[in-house]
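The values are calculated or read from the model by the stated rules, or taken from the named source; none is laboratory data. Since the model is a prediction, treat every value here as computed from it, not as a measurement. Positions of Cβ are generated from backbone atoms using ideal geometry, with glycine treated the same way; all protein chains shown enter the neighbour counts. The area values use the complete protein model at the heavy-atom level, side chains included, leaving out ligands, DNA and RNA. Shrake-Rupley method; radii C 1.70, N 1.55, O 1.52, S 1.80 Å.
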Amino acid sequence: MSVTMPAATDPALDPHAPRRVRHETRRRTLTVKGVDRIAAHMIRITLTGDLEGFTSLGFDDHVKLFFPDGTTDAAGAPVMLGRDFTPRRHDAAANTLEIDFAIHDAGPATRWAAQASPGQTLAMGGPRGSFIIPTTYDWHLLIADETGLPAVARRLAELPAATRVVVLGEVDGPADELTFTTAANATVTWVHRNGAVAGASDALPEALPKALAALRRPAGDYYAWVACESAIAKTLRRQLIADHGANPKWMRAAGYWRRGAVAVHETIED
């Protein structure tokens, strides 16, 4: 069951107003159906099984996946750690759910994805809700590092034909670039760290003004969506508002991770 929550602005009066929808959640046990390496450091896991009633209405929704951390509790049972992931694509008819894993460290999620094979099981909960961003803007700006690219890919796949969208993506190098499938009128600019430590580079903030200038930034109202390391997301949010005319009400910036911390997911606001 899903419940629509009132937005700060009535969507009937403002076609730009996002809306929140809460979902009834439950724990599910899923089975790995397929494993594909879609880039040098990105693995797509296709899951199947207990997906009846699964609902994900927002492109940046998050489910909680549970992985063994390599230890056991007092009763000898494996200790499980939950991590947030984007539901990349849900196919109700095929009863499948795709999750893309950015392979960037030696944590429990990375270890599990690196060895995953068909037939293995995985516990999942959520999403608890969806934040639905309308497509009624004149254009859209999507900025992300590897952790946010699954949401970018889903947004591009779901945007209506000919929608103007500008994408700025940070990856380590050309082998990490993704091929997006979209009917939108999308311009994609890749920024390479070239071996620099993820989250310690100013690659995205430095590339943003150059990318928009080179594209002769589209006219009209736009929605800015940012997902990357927390400190960098804060910098980009300030930069977009101060230098690029972004409306704070038409923006969503999130720290999908934070350098030196684990299991961080935070919304960046004033």
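Just wondering, is there one or more residues in the stretch 147-161 that are touching a strand residue (DSSP E or B) at 6+ places or on another chain (Cβ under 9 Å), touching a residue at least 40 places away in the same chain (Cβ under 8 Å) and in a loop (DSSP other than H, G, I, E, B)? Among the residues of the stretch 147-161, not one is touching a strand residue (DSSP E or B) at 6+ places or on another chain (Cβ under 9 Å), touching a residue at least 40 places away in the same chain (Cβ under 8 Å) and in a loop (DSSP other than H, G, I, E, B), which makes the answer no.
Which of the residues belonging to the stretch 72-94 are crowded, with 16+ Cβ neighbours inside 10 Å and either more than 29 Å from ALA253 (Cα to Cα) or of a type in the set (D, E, K, R) (or both)?
Correct list: ARG83, ASP84, ARG88, ARG89.
Among the residues of the stretch 241-270, those that are of a type in the set (Gly, Ala, Ser) and either over 22 Å from TRP139 (Cα atoms) or in contact with a Cys (Cβ under 8 Å, 6 or more places away or on another chain) (or both) comprise GLY255, GLY260, ALA261, ALA263. Put simply, of ASP36, ASP69, ASP60 the only residue that is outside any loop (DSSP other than H, G, I, E, B), closer than 30 Å to HIS140 by Cα and either open to solvent by 30 Å² or more (accessible area, probe 1.4 Å) or among the charged types (D, E, K, R) (or both) is ASP36. Going by what's in this entry, would THR181 be described as among the hydroxyl-bearing types (Ser, Thr, Tyr) and closer than 26 Å to TRP250 by Cα? Considered against the rule, which asks whether it is among the hydroxyl-bearing types (Ser, Thr, Tyr) and closer than 26 Å to TRP250 by Cα, THR181 comes out as yes. Applying the criterion of being touching a residue at least 12 places away in the same chain (Cβ under 8 Å), charged (D, E, K, R) and outside any strand (DSSP E or B) to the residues of the stretch 85-128, the residue that is nearest to GLU158 (Cα to Cα) is ARG128. Filtering the stretch 232-270 to residues that are within 29 Å of ASP105 (Cα to Cα), modelled with pLDDT under 95, open to solvent by less than 60 Å² (accessible area, probe 1.4 Å) and not in a strand (DSSP E or B) leaves ALA261, VAL264. If you go through the stretch 163-203 and keep only what is open to solvent by less than 20 Å² (accessible area, probe 1.4 Å), modelled with pLDDT of 95 or more and assigned to a helix (DSSP H, G or I), you end up with just ASP176. When the stretch 21-33 is filtered for residues that are in contact (Cβ under 8 Å) with a residue 40 or more places away in the chain, part of a loop (DSSP other than H, G, I, E, B) and open to solvent by 80 Å² or more (accessible area, probe 1.4 Å), the ones remaining, listed by number, are ARG26, ARG27.
Applying the condition of being of a type in the set (D, E, K, R) and closer than 18 Å to ALA183 by Cβ to the stretch 121-162 and asking which residue is surrounded by the fewest Cβ atoms within 10 Å (Cβ to Cβ) yields ASP138.
Scanning the stretch 95-120 for residues that are closer than 18 Å to PHE54 by Cα and open to solvent by less than 50 Å² (accessible area, probe 1.4 Å) gives THR96, LEU97, GLU98, ILE99, ASP100. Please work out which residue is farthest from HIS62 (Cα to Cα), limiting yourself to the stretch 133-146 and to residues that are in a loop (DSSP other than H, G, I, E, B) and touching a residue at least 40 places away in the same chain (Cβ under 8 Å). Per the stated criteria, the residue is ASP138.
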